[in-house]
1. When the chain is modelled as a GNM with alpha-carbon springs shorter than 10 Å, which of 289, 251, 29 fluctuates the most?
2. Would you mind putting 209-217, 127-135, 61-69 in packing order, based on average other-beta-carbon counts within 10 Å, highest first?
3. Here are some values of log10 I(q)/I(0) by the Debye sum over Cα atoms at q = 0.12, 0.16 Å⁻¹: [x] -0.83, -1.34; [y] -0.74, -1.49; [z] -0.85, -1.21. Which one was computed from this structure?
4. If the elastic network links every pair of Cα atoms under 10 Å, which of 45, 23, 157 fluctuates the most in the Gaussian network model of the chain?
5. If R0 is 30 Å, what FRET efficiency do you get for residue 47 and residue 1 from their C-beta distance, rounded to 0.05?
6. As a test of the formula, what do you get for the chain when each DSSP H run with n ≥ 4 contributes -39,500 (n - 2.57) and the sum is divided by the residue count, at 222 nm and rounded to the nearest 500 deg cm²/dmol?
7. How much length is gained on full extension from residue 254 to residue 235, taking 0.36 nm per residue of separation minus their Cα-Cα distance?
8. Given 0.36 nm per residue, what is the gain on full extension from residue 86 to residue 267 after removing their alpha carbon distance, in nm?
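Values in this text are rule-based calculations from the coordinates and carry no lab data. The structure presented is a predicted model; accordingly, all values stated were derived computationally and were not measured. Please note: Cβ atoms are built from the backbone with ideal geometry, for glycine as well, and neighbour counts cover all protein chains shown.
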């Protein structure tokens with residue numbers, strides 16, 4: 001049974017951690033091939049599954065050591081029908097992958113039980129490139145589309161879902177509506193560019209307001225991902241829409257998405273500097289309480305983030 005589906009503990013305060021750039025870490029730092037950048041394809045393979053377990057165990061150890069809660073993502077970012085052709089998987093196989101991914105997360109939670117809360121978060125990615133929207137996706141179309149994967153996840157132990165690396169507010173509206181219909185708490189994490197705007201040019205504030213206006217503010221919270229803190233620093237302000245943001249999963253690299261796509265090697269940036277920037281963000285926006293990293297980030301980065309927030313006196317253990 002889901003443990004926190006009806007009362008997400010991260011909404012009650014305390015610091016929660018998340019992981020980092022799973023795919024980039026496994027591919028570039030550990031030499032693990034991931035077919036079509038779809039991490040759920042590792043689940044059936046003994047070596048791949050073991051790599052996933054090792055990856056998440058490092059972050060769970062960090063959370064336990066620091067007293068932080070942990071939002072434990074499932075490897076379901078591309079486990080929906082849009083990618084079926086590329087992956088050579090039918091709906092039955094995709095459903096099984098979603099169920100298996102939640103099962104792995106549940107087993108890891110059981111292993112680390114007894115400390116701060118661990119929330120199983122089923123990750124859902126956008127239809128198409130997270131950096132460059134292929135086309136405008138109307139909210140009604142998105143709602144109908146995501147109902148399938150959300151229906152699968154509603155029957156698992158997932159506590160919530162997150163639309164991660166979403167790049168247009170209309171698609172996010174559809175996901176939020178579909179999640180509400182499925183009885184699943186949902187968060188939206190927007191990809192932003194070097195100017196702090198979504199890839200389609202919409203400001204972050206306008207995107208959050210658009211989703212809330214169209215859904216009755218039914219999203220649990222919002223996040224910002226996949227950009228260096230300096231890229232979206234100036235876009236944040238002490239406003240009602242900004243207070244809807246609870247989480248940050250930033251890149252350590254200052255490169256643009258286009259530059260990262262073309263780079264032959266991983267750019268991990270400076271983990272220590274990233275941690276310091278997170279501490280400043282938390283001081284400016286003390287309602288932030290969920291921290292991880294994104295592309296190019298790994299356990300080093302999240303360790304530095306947790307340490308910097310603790311050193312600045314802003315680390316409140318989760319309950």
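1. 29
2. 61-69, 209-217, 127-135
3. [y]
4. Maximum fluctuation in the GNM of the chain, among the listed residues, is at 45.
5. 0.45
6. That comes out to -12500 deg cm²/dmol.
7. Taking 0.36 nm per residue and subtracting the Cα distance, the gain is 5.2 nm.
8. Gain on stretching residue 86 to residue 267: 62.5 nm.
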